[in-house]
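> First, the structure itself, so that you have it in front of you.
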Amino acid sequence: MEEDAKKGAAASDDAAALERLGVKQELQRNFSKISMLGLAFAILNSWTALATSLSLALPSGGPSAIIWGLVVAGLCNLCLAASLAEFLSAYPTAGGQYHWVAIISWRRYGPALSFATGWINVAAWVCLTATGSLLGSQLIVSLLALFSGDPNYEAQPWQQFLVYIAYTVAAFLINAFGNRFLALFTKAAFFWSLTGFVVISLTVLACAAPEHRYQSGSFVYGDFINHTGWPDGLAWLLGLLQGAFALTGFDATVHMIEEIPRPQVEGPRIMLMCIGIGVFTGFVFLSCLLFVLKDVDHTIASTAGPLLQILYDATESRAGATCLLIFPLVCMLFTTTSLMTTSSRMSYAFARDRGLPYSRFFATVNKRLEVPLNALIWTAAWVIVFGCVFLGSSSAFNAIVSASVVALGVTYAIPPAINCMRGRRMLPASRPFKLSEPVGWTVNLIGIIWTILTTVLFVFPPEIPTTAMNMNYCIVAFGVILLISVVQWIFDGRKNYTGPKVDIDGLVHANVVAITRAEVIEAEQSEYPASVTGKREESS
């Protein structure tokens, strides 16, 4: 009874803290630290994402770009995550980046910057949700190619489309009708992924010995390959995109933060832990795959895809390779489900602040199912639309997927960039997660520079000479996202969107984030948005 009373009091405190941030507690805090870590890691699923995207880096830098590119991407993403963790520990709401931008921006530009950040983040998560279904369908199609025995086998788009729809519908049904069990589902995702990582790594090494000769350490950790036509240095940099893609989406913890107890403390830890685990498992797994790799050119050109081809070469058995592939196949269901969960929460949060068209409709929570069902339908419907785009043009669909990574990276950089421009003085001093000034400046600037670099690299064509078939249309897709946000702002946002309403005085007195009176005055003198300071002025 005493334990239940403590939990009830803690839940009441979390709800009160959320209300002071201008948000009503409507979603249940069903997730534990492990289940939330499972959701975050299911979205990254770094070893699976890295293995299924080997075709990005193998011809563009080879093993050196695959291994050390992951290390570089991991360190830089840790800098971004640490930068956002400071914000999360101060203002733990599902809105995340757009909410923080509204609080720390200049009064004149705050609403517009917040609105643009919100739209980019919503669009990015909807697009990113499609990647889970895409990678899952690609794995199934690779099996068809393996069992066909035809080196020139080419799956029909409708075959992959059906598998894509199956993943999407399954993820929707789990989210809509299994919300009470979602925490157990994501916990299972975490342990399944780690089990798959261990089983596949040990199996390929064991099966490849002693008949199969391992690649040398100099090949695995130092060999350079360039089949792109770009200069060697640029080709290696383009290979960084594999690591960047595999570590994108760590802000899932942010958008699910209203469903975990003690969010100010646990949220930052989970966000950093999922990247650390992702880099470690990815480094070990990629090393194992590269040690048993037989022929680089054959692996790159294989219609079965690099991952399945390596598994088949190591085991020399179609059945064995298929059994191992079951692990990433199921991982992709976990990933798609978690992506859809996070995307729906982000859309729900933005609609709650009147950022979406028909916001009241998308901001409702279904009382019986205890989920933002309309926002969930919004995400699933767009993912299916993107699947229809794939039927018409794989290039256009790939542009949508790439745009999701670019868009998320931009939203990661905006809050710390604004904070740096304002002297890193816009966050409360006593937040639970706080970097020292030298470390904070270093981490913020590295994260911002990394975002600029990857944003530029992601719009490069993967090889030259460039044709209509291999052109990178990511910039077009990202431009469409920006255009939609501008049009929505002109016709709706500038009239109705003021950003989240934060009760600064309430935060002070409740000691949720202990901002001193001097900081409040300084914040107002620095022109906090009217929506942030409004409640304080009224209370005065």
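> Name, by its number, the condition in (1) open to solvent by 10 Å² or more (accessible area, probe 1.4 Å); (2) of a type in the set (Val, Ile, Thr); (3) within 16 Å of Ser201 (Cα to Cα) that does not hold for Val265.
(3)
> Name the one entry in Gly479, Gly447 that is open to solvent by less than 20 Å² (accessible area, probe 1.4 Å) and either at pLDDT 90 or above or within 21 Å of the chain's Cα centre (by Cα) (or both).
Values: Gly479 fails: open to solvent by less than 20 Å² (accessible area, probe 1.4 Å).
Unique residue meeting the criteria: Gly447.
> OK, next. Taking Leu293 and the conditions (1) open to solvent by 20 Å² or more (accessible area, probe 1.4 Å); (2) over 30 Å from Ala124 (Cα atoms); (3) in a loop (DSSP other than H, G, I, E, B), which numbered condition does it fall short on, given that it satisfies the others?
Checking Leu293 against (1) open to solvent by 20 Å² or more (accessible area, probe 1.4 Å); (2) over 30 Å from Ala124 (Cα atoms); (3) in a loop (DSSP other than H, G, I, E, B), the one that fails is (1).
> Could you run through region 360-381 and say how many residues are surrounded by fewer than 18 Cβ atoms within 10 Å (Cβ to Cβ) and in a helix (DSSP H, G or I)?
4
> Working only within region 455-466, note down all residues that are more than 11 Å from Ser402 (Cβ to Cβ) and either open to solvent by less than 60 Å² (accessible area, probe 1.4 Å) or modelled with pLDDT under 85 (or both). Walk me through how you get there before you give the answer.
Applying the first criterion (more than 11 Å from Ser402 (Cβ to Cβ)) to region 455-466 yields 456, 461, 463-466.
Scanning region 455-466 gives Pro461, Glu463, Ile464, Pro465, Thr466.
Per-residue answers, yes or no, for (1) under 19 Å from Leu339 (Cβ atoms); (2) over 17 Å from the mean Cα position of the chain (by Cα); (3) free of Cβ contacts under 8 Å to residues at least 60 places away in the same chain:
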site: Trp230; (1), (2), (3): no, yes, no
site: Ala252; (1), (2), (3): yes, no, no
site: His255; (1), (2), (3): yes, no, no
site: Glu259; (1), (2), (3): yes, yes, no
site: Val265; (1), (2), (3): no, yes, no
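> Condition first: under 28 Å from Leu457 (Cα atoms) and within 17 Å of the chain's Cα centre (by Cα). Can you find one or more residues in region 368-381 that meet it?
At the first step, the residues of region 368-381 found to be under 28 Å from Leu457 (Cα atoms) are 379.
When the remaining residues are screened for being within 17 Å of the chain's Cα centre (by Cα), the result is 379.
Yes: one or more hits.
> Now a separate question. Given the residues Val512, Val502, which is the only one that is modelled with pLDDT under 75, in contact with a Gly (Cβ under 6 Å, 6 or more places away or on another chain) and closer than 29 Å to Arg354 by Cβ?
Values: Val512 fails: in contact with a Gly (Cβ under 6 Å, 6 or more places away or on another chain).
None of the other options fit; the residue is Val502.
Rundown of residues vs (1) more than 25 Å from Cys274 (Cα to Cα); (2) in contact (Cβ under 8 Å) with a residue 40 or more places away in the chain; (3) not acidic (Asp, Glu), yes/no style:
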| residue | (1), (2), (3) |
| --- | --- |
| Leu144 | yes, no, yes |
| Gly149 | yes, no, yes |
| Asn152 | yes, yes, yes |
| Val163 | yes, no, yes |
| Ala170 | no, yes, yes |
| Phe177 | yes, yes, yes |
| Phe185 | no, yes, yes |
| Val199 | no, yes, yes |
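> Next question, about the same structure. Could you list all residues from region 167-180 that are part of a helix (DSSP H, G or I) and open to solvent by less than 50 Å² (accessible area, probe 1.4 Å)? Steps first, answer last, please.
Taking region 167-180 and keeping what is part of a helix (DSSP H, G or I), we get 167-177, 179-180.
Correct list: Tyr167, Thr168, Ala170, Ala171, Phe172, Ile174, Asn175, Ala176, Asn179.
> Additional query: For region 360-378, check the following and say yes or no: at least one residue is at pLDDT 90 or above, among the β-branched types (Val, Ile, Thr) and under 18 Å from Ala116 (Cα atoms).
no
> Same structure again: Name the pairs whose Cβ atoms lie under 6 Å apart, with the first residue in region 298-322 and over 17 Å from Cys288 (Cα atoms), the second open to solvent by 30 Å² or more (accessible area, probe 1.4 Å) and at pLDDT below 90, and 6 or more positions between them or separate chains?
Between residues of region 298-322 that are over 17 Å from Cys288 (Cα atoms) and residues that are open to solvent by 30 Å² or more (accessible area, probe 1.4 Å) and at pLDDT below 90, the close pairs are Thr303/Tyr153.
> Follow-up question, since we're still on this one. What helices (runs of 4 or more DSSP H) completely inside region 31-124 contain at least 3 residues that are at pLDDT 85 or above, open to solvent by less than 10 Å² (accessible area, probe 1.4 Å) and not hydrophobic (A, V, I, L, M, F, W, C)?
On the way: elements: 33-44, 46-52, 54-57, 62-90, 97-104.
Of the helices (runs of 4 or more DSSP H) lying wholly inside region 31-124, those with at least 3 residues that are at pLDDT 85 or above, open to solvent by less than 10 Å² (accessible area, probe 1.4 Å) and not hydrophobic (A, V, I, L, M, F, W, C) span 62-90, 97-104.
> In addition: Can you find a residue in region 300-314 that is among the aromatic types (Phe, Trp, Tyr) and farther than 25 Å from Gly249 by Cβ? If you could, list the steps in order and put the result at the bottom.
We begin by selecting, within region 300-314, every residue among the aromatic types (Phe, Trp, Tyr); these are 312.
Now restrict to residues that are farther than 25 Å from Gly249 by Cβ: 312.
So far as region 300-314 goes, yes, one or more of its residues are among the aromatic types (Phe, Trp, Tyr) and farther than 25 Å from Gly249 by Cβ.
> Something else now. Which of the residues that make up region 181-202 are under 21 Å from the mean Cα position of the chain (by Cα), open to solvent by less than 70 Å² (accessible area, probe 1.4 Å) and more than 15 Å from Val330 (Cα to Cα)?
Across region 181-202, the qualifying residues are Leu182, Ala183.
> So which residues in region 306-353 are small (Gly, Ala, Ser) and crowded, with 24+ Cβ neighbours inside 10 Å? Give the steps one after another, and end with the answer.
In the first step, residues of region 306-353 are kept if they are small (Gly, Ala, Ser); the result is 314, 317, 319-321, 338, 343-344, 347, 349, 351.
Ala314, Ala321, Ser338, Ser343, Ser344, Ser347, Ala349, Ala351, listed by residue number.
> Might you check whether a residue that is crowded, with 24+ Cβ neighbours inside 10 Å, in a helix (DSSP H, G or I) and not small (Gly, Ala, Ser) occurs anywhere in region 204-221?
Scanning region 204-221 turns up at least one residue that is crowded, with 24+ Cβ neighbours inside 10 Å, in a helix (DSSP H, G or I) and not small (Gly, Ala, Ser).
The values are calculated or read from the model by the stated rules, or taken from the named source; none is laboratory data. Keep in mind that what you see is a predicted model, and the values were worked out from it rather than measured. Cβ: placed from backbone, ideal geometry, glycine included. Neighbour counts: every protein chain shown. For accessibility, only protein heavy atoms count, side chains too; no ligands or nucleic acids. Shrake-Rupley method; radii C 1.70, N 1.55, O 1.52, S 1.80 Å.
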